[in-house]
Every structure is written in structure tokens, then in C-alpha cells.
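The structure appears right after this line, and notes come after that.
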Amino acid sequence: MSDLFSGYDLAGLHMNNRIVMAPMTRSRAVNTVANEQTALYYQQRASAGLIITEGSQISHQGVGYLFTPGMHSAEQIEGWKKVTGAVHEKGGKIFSQLWHVGRISHVTLQENGAAPVGASNKTAENATAFAYDENGNPARIQASQPRALSTEEVEGVVQDFAKAAANALEAGFDGVEIHGANGYLIEQFINAGINTREDRYGGNTAEGRLAFVLEVVDAVVAKIGRQRVGIRLSPFNRIFDMPAFEGEAQTWLELARLLSSRNLAYVHISNRKAIINNPHGKDFLEKFRKAYAGTLILAGEYTKEEGQRDLQEGLTDLVAFGRPFISNPDLVERLKNDWPLTSFDPATFYGGGQEGYTDYPEYQEVVDQVTN
Ligand SMILES: Cc1cc2nc3c(=O)[nH]c(=O)nc-3n(C[C@H](O)[C@H](O)[C@H](O)COP(=O)(O)O)c2cc1C
């Protein structure tokens with residue numbers, strides 16, 4: 001029977017357990033480069049069956065937050081080598097999440113103060129980037145009005161994803177996760193309320209709106225091989241001003257079928273709790289599961305019990321935990337032994353130094369401190 005603590009064959013990559021560390025931006029990169037601290041943070045969490053890193057920009061244009069790392073320069077590749085080396089040394093497996101934020105950006109983050117780019121020129125209302133305010137201080141700021149990418153530029157972004165994937169492999173990653181979730185560029189193309197394009201990447205058809213994500217997948221697969229490619233999606237996501245649209249469920253299920261035939265390492269759904277709580281409910285997840293033939297990862301407010309249940313019911317193959325991994329580097333051991341979890345502190349999620357990053361102890365260290 002499937003169990004959180006049993007091994008798993010991820011397209012030829014052996015995972016020691018079925019627990020995945022979800023991708024989490026921590027905004028601690030120095031000049032967009034991962035460093036020794038990043039390496040230590042991920043190494044501490046290497047007992048996860050698979051680590052998926054924080055989102056890493058595929059290009060300068062793809063950035064939406066200060067202090068996030070990139071995957072498009074030689075220096076960035078060198079920085080990531082420290083991370084992959086540290087995780088592999090502990091027997092862990094690690095994928096890099098490749099990210100283009102699209103319209104969730106700000107002119108102060110873009111080259112020469114240019115407008116961010118998007119599927120259309122629609123601004124993400126009530127959505128913030130992490131950029132510079134008028135006094136030059138880092139702050140959460142309303143995302144700028146974007147400019148719609150031209151058809152040729154979209155093709156260029158597809159190539160940026162492929163190049164970043166090759167860079168990730170050069171840096172020693174076991175694979176990449178294409179960030180197609182949470183209201184960023186790929187989802188901006190999929191959502192009919194945002195994608196008002198009239199070219200072959202839109203045209204008011206589901207086929208057109210899915211063209212970009214499929215071209216990205218195919219270009220990345222052509223570059224590094226299907227077994228090294230996963231993708232993250234968030235059906236019915238409403239964050240960053242993503243509206244409901246007609247035919248939404250069918251669009252996601254069609255994408256599931258199209259991804260099935262590509263035989264990737266996995267598809268990862270980031271917001272299972274939100275899906276369960278919306279009118280489409282668990283029924284949609286079951287339909288998605290049927291439509292997608294390969295390895296599925298689900299994430300979103302999992303407890304051990306819920307994870308075990310979903311594995312045993314066959315709703316998913318792997319279970320991702322996000323925030324619990326921030327404050328419990330040894331989350332796998334804690335879950336296995338039913339040891340108590342340390343609660344996380346949202347105040348230290350983003351930015352800062354080691355506090356709330358590399359200073360969370362393992363359970364055994366806590367016990368030793370108490371008994372000594
Ligand atoms: C601090 C923080 C940063 C996050 N950054 C990312 C990210 O870079 N990419 C992504 O796909 N999801 C990101 N997420 C979402 C998580 O991967 C995950 O889906 C979410 O936290 C729900 O899982 P949880 O309830 O186990 O935390 C982030 C979440 C948090 C709390």
C-alpha cells in the first residue's frame with residue numbers, strides 16, 4: 001500500500017519517501033545568486049524525498065520580487081552548484097523551479113524601468129510585487145501596468161525557459177519544475193479573463209490559450225529530456241487577480257490530457273485545499289487524476305493524516321508540504337515518529353538573514369536542549 005514513508009520511482013529517479021518539499025520563495029539571495037546559506041538551508045531539508053526549490057527567474061524580465069535568485073547567468077549557475085552539491089551529499093534529490101512572473105512585477109525591477117510584460121496589457125489589480133518605492137526602499141508595491149508580449153517575444157520567452165532548464169542541469173539539479181501556477185506568466189496565458197490576445201497564443205480558444213504552456217513544456221523537454229521535467233499548476237486559482245472564466249474546468253482537464261501524452265516526471269497541483277473548498281470540489285481533483293496518467297503531486301495545508309489518506313485513496317502519488325518544512329528541517333522524521341512540529345513564523349518567511357531560515361533545530365536537538 002502507498003505510504004508517505006515508502007520509496008518512489010520518479011521517472012527513474014529514486015525518492016527515499018513520498019514527501020516533497022514544496023517550492024518556497026525566501027528572498028534571501030544576494031544579487032540574485034544562491035550562496036552558502038542557501039546551500040545550508042536546503043541541505044538541512046535533504047531528507048525530503050524530493051526538494052523543489054524556490055522560484056528562480058529564467059530571465060531578468062521574469063523577476064517580480066527583490067532578493068530572489070535567477071537561473072540565467074554563469075554566476076547564478078555557480079551559486080546553485082553549492083546547493084545541489086550540499087543536497088546530493090546528504091542523499092537528497094532536488095529540482096529547480098523555473099519562474100517568469102509576467103505582469104506581477106514593477107518598473108523598478110525591469111531593465112531601464114521598462115513595463116513588465118504579460119499575456120495582455122491588463123494590470124493585476126490589488127496585486128503587489130516586491131520592488132523599490134519612491135524613496136528607493138524595498139517594499140510591497142502595486143504591480144505596474146504590463147505590456148502585452150508580441151508573438152515573436154513569446155517565442156523568445158519559450159526559449160528562455162529552455163535555456164534556464166539547461167542551466168539548471170549544468171548546476172547539478174536532478175530536474176526542473178516549470179512554474180505554471182499562482183497567477184504568474186504561464187497562468188496569465190491560460191486564463192481567458194487575462195488572455196485577450198488575437199494571435200495563435202490566444203484567439204479566444206482553449207487551444208490558443210494552452211499553446212504557450214505546451215510550447216514551454218515541449219522546448220524544455222527537447223532540451224533536457226521528459227523524465228527531468230515537472231510542471232506546477234493551480235486550477236481555479238484566484239490570487240493575483242485571476243478571474244473565473246467560462247469553460248475553466250474543461251480547460252484544465254484538457255491540459256491534463258495533453259500533458260499526459262508528454263510523459264513528464266510529474267504534474268504538481270499547488271492549491272488542492274482551495275480546489276476542495278470551491279464549487280468544483282474534490283470531484284474536480286478526481287477528474288484531473290483520471291485525465292492525467294502520470295505521477296501527480298498535491299500540495300496545500302497537508303497534515304500527515306490527510307497525506308496518508310490521499311495516497312491510500314489513490315488521489316495522489318506524492319504529497320508536498322510547504323510551510324511545515326520551513327520550521328521543521330527534519331519534517332520527514334517528525335512525521336514518521338509523530339513527534340511534535342515546530343510552528344512557523346510568517347514574519348521571517350521573506351528576506352532577512354539566518355533567523356527563521358537556517359536556525360530551526362531538528363527535534364532531537366530540541367530534546368537534548370531540554371534534557372541537558
Ligand atoms: C513563504 C512562501 C513562499 C512560497 N513561494 C512559492 C514559490 O516560489 N513557488 C510556488 O510555486 N509556490 C510558492 N509557495 C506556495 C507553496 O509552495 C505551497 O503551495 C503553499 O505554501 C501551500 O502548502 P502548505 O500549506 O503546506 O504551506 C510559497 C509559499 C510560502 C508560504
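The values are calculated or read from the model by the stated rules, or taken from the named source; none is laboratory data. Bear in mind that the values here come from a model prediction, so they are computed numbers and not experimental data. Cβ sites come from the backbone with ideal geometry, for glycine too, and all protein chains shown count toward neighbours. Side chains included, ligands, DNA and RNA excluded: accessible areas come from the protein's heavy atoms. Shrake-Rupley method; radii C 1.70, N 1.55, O 1.52, S 1.80 Å.
Quick notes on this structure:
- Accessible area per residue, Å², the range 7-46 with all protein chains present, probe 1.4 Å: 34 Å²
- Options THR108, VAL30, ALA299, ranked by Cα towards positive dipole end of the chain, top entry (Cβ charges): ALA299
- The share of accessible area on the chain that comes from carbon and sulfur is 48 percent, using a 1.4 angstrom probe.
- If you take all other residues with their beta carbon under 15 Å from the beta carbon of VAL101, and give Lys and Arg +1 and Asp and Glu -1, the sum is 0.
- Pairwise centroid distance, computed over Cα atoms, of the range 305-329 with the range 94-132, Å: 30 Å
- Charged side chains reduced to their Cβ positions (Lys and Arg at +1, Asp and Glu at -1) give the chain a dipole of some 540 debye around its Cα centre.
- Estimated from the Cβ-Cβ distance and a Förster radius of 35 angstrom, the FRET efficiency linking ASN135 and ALA115 is about 0.95.
- Helical contribution to [θ] at 222 nm, DSSP H n ≥ 4, -39,500 (n - 2.57), averaged over the chain, rounded to 500: -10500 deg cm²/dmol
- Lysine pairs in the chain whose alpha-carbon atoms fall under 17 angstrom of each other, counting only those eight or more residues apart or on distinct chains, come to 11.
- For the chain, averaging the sequence separation of C-alpha pairs within contact (under 8 Å, six or more residues apart) and dividing by the residue count gives a relative contact order of 16 percent.
- By definition, a body whose alpha carbon gyration tensor gives a ≥ b ≥ c is oblate when a/c is 1.5 or more and a/b is not larger than b/c, and the chain fits this oblate description.
- Modelled spin labels at ALA74 and VAL370, positioned 7 Å past Cα toward Cβ, are 5.2 nm from each other.
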